[in-house]
Amino acid sequence: MEKTLKRIHPVSDPEATYFLQVSWEKDLGTGFGLLLSDCQCAWTGTVSEADVSREAADIEMDRQKYVEELRKALIAGEESAGRYNFVIS
C-alpha cells in the first residue's frame, strides 16, 4: 500500500492547517482511503472504484483524465501547488 501526506490550507479557512493522508493499492482509480486531521480531530473516509467511475461520469469527464486530476490534487507535490483549492465543510 502506498501513502502520501500533505499539508493543506483550505480556502474556506486560510489560517488553518490540515494534514491530508491518502492511501491506495494500485492507483487512485481502484479506490483510496483518506484521513484528514487538524491535529485535534481526525476524519476518515474511503472512495471506492465505483465512486471514482460515478463521479467521473457525473461531471462528464473521461475516467482516466479524472483519475489523473485526482492524483494531481490529492497526492502530487509542488507541481500542483496553488492549482487546487480545498474547502472544509
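None of the figures in this text is laboratory data; all of them are computed from the coordinates on show. Note that the coordinates shown come from a computational prediction; the quantities given were computed from them, not determined experimentally. Cβ sites come from the backbone with ideal geometry, for glycine too, and all protein chains shown count toward neighbours.
Phi-derived couplings, Karplus 6.51 cos²θ - 1.76 cosθ + 1.60 at θ = phi - 60°, listed residue by residue for region 32-49: 7, x, 10, 9, 10, 9, 10, 6, 10, 10, 9, 10, 10, x, 10, 10, 7, 4 Hz, with x used for Gly and Pro.
The trypsin sites (Lys or Arg not before Pro) of the chain meeting both criteria, a DSSP state outside H, G, I, E and B (loop) and at most 11 other C-beta atoms within 10 angstrom of the site's C-beta, are 26, 83.
Computing FRET efficiency as 1/(1 + (r/R0)^6) for residue 88 and residue 61, where r is the C-beta to C-beta distance and R0 is 25 Å, gives about 0.60. Expressed as a whole percent, the proportion of Cα-Cα pairs in the chain lying more than 15 Å apart is 61%. Site-free segments of the chain were taken between GluC sites (Glu not before Pro) in DSSP loops having at most 13 other Cβ atoms within 10 Å, sites themselves excluded; the longest one is 26-59.
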